[in-house]
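Encoded as structure tokens, the structure appears first; notes follow it.
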Ligand code: DON
């Protein structure tokens with residue numbers, strides 16, 4: 001299996017030249033665009049890896065399904081979906097154009113930036129530090145890596161330049177969707193996006209969702225119905241305005257991030273972590289998506 005993955009990585013690595021690393025978060029522009037790696041963790045605990053699987057990258061939007069999960073565990077379905085919708089947008093991940101025209105004025109789903117910021121705002125804790133600690137503990141548990149930490153320079157870089165997210169968050173408070181201190185909510189959001197991982201960590205996270213919220217230890221950490229909601233969003237909105245094409249070509253609940261990561265949860269079978277920081281024009285890893293297509297075809301992973 002590792003030989004096969006190695007072949008897939010090397011065959012698709014040249015495609016990285018067709019993508020571009022994200023530059024709107026200045027610190028991300030320093031990343032090597034040739035990177036491509038994969039790790040697969042199956043239900044039996046077997047780990048398969050190839051390419052740059054151990055390179056560190058920041059989760060960025062790959063964090064969104066997990067903060068949604070925590071918000072649902074903290075506040076319940078009714079409250080969460082009172083503030084954020086359940087529908088795909090067909091717009092880019094950072095788009096704000098529908099925010100004002102929709103009635104009620106709430107983000108269409110929790111995978112786009114506006115909706116993810118709302119989900120983050122719903123995480124419970126007495127202060128921001130406690131909220132961050134709860135979030136970090138969750139990521140550490142589900143990635144099976146107690147050493148996870150944030151990349152300070154990526155965090156500070158986005159905090160300094162994230163005016164688009166800032167403007168959406170202030171707008172959302174104005175219309176009553178976001179409650180509380182906007183800068184504190186954004187600080188937590190920028191931190192969750194800056195959590196540093198490798199493909200093995202992400203494969204563990206995917207396996208946790210694939211295994212319906214059960215940790216490696218056997219503990220039911222998140223309720224099954226919440227992980228079902230999360231995986232459904234990964235299918236319908238996880239790859240943004242390329243989610244339909246990805247569902248046809250790969251057919252697996254997945255979530256991408258502008259750090260180049262993709263997390264996949266193949267229900268009851270495996271978790272997959274991919275990294276390839278060269279992105280296509282929708283913000284998804286250009287070569288990573290192709291590797292996943294090859295893996296899905298080879299292992300018949302489509303859930304459809
Ligand atoms: O909020 C942002 O713009 C980034 N921290 C995360 C965006 C992202 O990863 C979109 N994914 N493709």
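With a 10 Å Cβ neighbour count serving as the proxy for reagent exposure, in which order, fewest first, do 100, 184 appear? Mind showing how you got there, number by number?
On the way: 100 10, 184 13.
Lowest count first: 100, 184.
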Separation between Cα centres of region 278-299 and region 125-180, rounded to whole Å: 27 Å
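Give me the percent relative contact order of region 1-158, please, defined on Cα pairs under 8 angstrom at least 6 residues apart.
Working: 164 pairs, mean separation 32.5, N = 158.
Relative contact order for region 1-158 comes out at 21 percent.
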Estimated FRET transfer efficiency when R0 is 25 angstrom, pair residue 303-residue 77 (beta carbons, to 0.05): 0.65
Per-residue Cβ neighbour rank within 10 angstrom, fewest leading, 246, 132: 132, 246
Inter-centroid distance (Cα atoms) of region 198-264 relative to region 6-40, Å: 20 Å
Relative counts (whole %) of C-alpha pair distances in region 56-174, using bins that are 5 Å wide: 2, 10, 20, 23, 22, 14, 8, 2, 0
Nearest-ten-degree value, helix 64-83 long axis tilted from longest Cα axis of the chain: 40 degrees
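Could you list 118, 84 so that the one with the fewest beta carbons within 10 Å of its beta carbon is first and the one with the most is last? Could the numbers behind the result be given before it?
On the way: 118 28, 84 25.
Ordered by Cβ neighbours within 10 Å, fewest first: 84, 118.
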Folded to 0 to 90 degrees: helix 2-12 orientation relative to the chain principal axis, Cα: 70 degrees
Three principal axis lengths of region 175-290 [C-alpha, angstrom, descending]: 41, 39, 26
P(r) histogram, all alpha-carbon pairs of the chain included - 20 Å bins from 0, percent: 38, 58, 4
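In percent, how large is the relative contact order of the chain, given Cα pairs closer than 8 Å and 6 or more residues apart? Write out the running numbers ahead of the final one.
Working: 652 pairs, mean separation 85.9, N = 304.
Once divided by the residue count of the chain, the mean separation gives 28 percent.
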For region 23-89: rounded, prolate or oblate by the Cα gyration tensor [a/c cutoff 1.5]: oblate
Rounded tilt (10° steps) of 286-299 against the dominant C-alpha axis of the chain: 60 degrees
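Each reported figure results from applying straightforward, stated rules to the coordinates on display, with no laboratory input. None of these values were measured; they are calculated from a predicted model. Positions of Cβ are backbone-derived with ideal geometry, glycine not excepted, and every protein chain shown enters the neighbour counts.
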